[in-house]
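Just below is one structure, and these are the notes that go with it.
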Amino acid sequence: MVTTPICNFCAKTGVLCKKCKQKLRKGKITNLEVEVSKVFARAEQRYLKQLQNVTLDRAHQMNESILLLTRNGNVIIQNTELRQFIESEIRAPIEIIERKTDTRTTFADLFHPLDIVEIDQIYVPPDGDIELKITLRGDPNSLRFSIDQLKQIAELIANNPVRLEIHN
């Protein structure tokens, strides 16, 4: 069964329960994530076997595309028919970032072909908020997203502000 930011019942019926409405109201999920969750529920009816272990963690508007942060989402990349179904339902091209169990591995895939030199947690006064500083090495012109887009994606993954530094 596919897992989405909203409960399975809400995704299938298209009507949010009290708990999911509260998550939306508090900003824990977005309207886009609600809509993409509904699309995944419809896709599951046609592609049950392919989507049974897929988790949609987050959805984010990225220029004309929709970025999907998933677990086991490589099946969508590999199945052209499934990908086209999702894109037609969303009415936008999709980009899939695979979230691994290890955040460093997820970042390594995101920033490929750049190398991660280090990832530091910085405590920012006065509230002691945590910011991640990710130092990368390589040519930023070879990236599939702009630096600003990568920063946004990294913040979605980390659930914290991110500062990127790139050295050649």
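Pick out the one residue from Arg71, Arg163, Arg137 that is under 20 Å from Val34 (Cβ atoms) and charged (D, E, K, R).
Selected residue: Arg71, the only one of Arg71, Arg163, Arg137 that is under 20 Å from Val34 (Cβ atoms) and charged (D, E, K, R).
What about Leu56, is it over 20 Å from Phe145 (Cα atoms), outside any loop (DSSP other than H, G, I, E, B), touching a strand residue (DSSP E or B) at 6+ places or on another chain (Cβ under 8 Å) and not assigned by TED's automatic domain parsing to the domain that holds Asn159? Give the steps one after another, and end with the answer.
Numbers: over 20 Å from Phe145 (Cα atoms): yes; outside any loop (DSSP other than H, G, I, E, B): yes; touching a strand residue (DSSP E or B) at 6+ places or on another chain (Cβ under 8 Å): yes; not assigned by TED's automatic domain parsing to the domain that holds Asn159: yes.
Criteria met by Leu56.
Does region 67-80 contain at least one residue that is of a type in the set (S, T, N, Q), within 18 Å of Gln149 (Cα to Cα) and either out of contact with any Cys (no Cβ under 6 Å at 6 or more places or on another chain) or outside any helix (DSSP H, G or I) (or both)?
yes
For the subset of region 106-129 comprising residues that are farther than 25 Å from Gln61 by Cβ and among the β-branched types (Val, Ile, Thr), which member is farthest from the chain's Cα centre (by Cα)?
My answer is Val124.
Do you know which residues across region 4-47 are crowded, with 20+ Cβ neighbours inside 10 Å, closer than 22 Å to Arg83 by Cα and either among the hydroxyl-bearing types (Ser, Thr, Tyr) or without any contact (Cβ under 8 Å) to a residue 24 or more places away in the chain (or both)?
Thr4, Ser37, Tyr47
The values are calculated or read from the model by the stated rules, or taken from the named source; none is laboratory data. Keep in mind the model is a prediction, meaning the values are calculated, not measured. Methodologically, a virtual Cβ is constructed for each residue, glycine included, from the backbone with ideal geometry; neighbour enumeration extends over all protein chains shown.
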